[in-house]
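Participant: Sending over a structure as structure tokens; questions will come in a sec.
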Amino acid sequence: MMIHAPFSDDVVVRLNGYQKFALAHPYTCPKCKSNLVAYHDGLRCDFAYEDVMSYRPCGYTQDWALDPPTEDDLKYMEIEFNAWKESKDATS
Ligand SMILES: [Zn+2]
């Protein structure tokens, strides 16, 4: 199911949990490919282009998301994510 901003505190926390632990398909910026960050007013790209003269935030936002995982689902995702990260660290 699709949800639209403004997002509640609970939804912001769960969306950012999803962004942190999703092994596949976190929300990314179509312009610069950075992972988006959830805020009450939507998912936003916090990436900024920096050069000598200027600091230009990407600023992409989207005001919708798919219904984020529940807290219990997130706990499971975190366990899987940590297992994946450990196996990756062990081989590198
Ligand atoms: Zn961006």
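Participant: Let me know the shape class of segment 2-91, please: from the alpha-carbon gyration tensor, a ≥ b ≥ c as square roots of the eigenvalues, rounded when a/c is under 1.5, otherwise prolate if a/b is greater than b/c, or oblate.
Facilitator: On the way: a/c = 2.74, a/b = 1.23, b/c = 2.23.
Note, shape of segment 2-91 comes out oblate.
Participant: Another question, if that's okay. Which whole-Hz couplings ³J(HN,Hα) result when phi for each residue of segment 65-80 is put into the Karplus expression 6.51 cos²θ - 1.76 cosθ + 1.60, θ = phi - 60°, listed in order with x for Gly and Pro?
Facilitator: So the J values, rounded to whole Hz, are 7, 7, 3, x, x, 6, 4, 5, 4, 5, 4, 5, 4, 5, 4, 4.
Participant: In addition: Enumerate the calculated ³J(HN,Hα) couplings along segment 82-92 in order (Karplus 6.51 cos²θ - 1.76 cosθ + 1.60, θ = phi - 60°), each rounded to whole Hz, writing x wherever the residue is Gly or Pro.
Facilitator: 5, 5, 5, 5, 4, 5, 5, 4, 5, 8, 9
Participant: At Met53 and His40, where each label point lies 7 Å from the Cα along Cα→Cβ, what is the point-to-point distance in nanometres?
Facilitator: With each label placed 7 Å out from Cα toward Cβ, I get 3.8 nm.
Any read-out appearing in this document is the output of simple, stated calculations on the displayed coordinates, not a laboratory observation. Every value quoted in this text rests on a predicted model; they were computed, and no experiment measured them. Backbone-built Cβ (ideal geometry, glycine too); neighbour counts: all protein chains shown.
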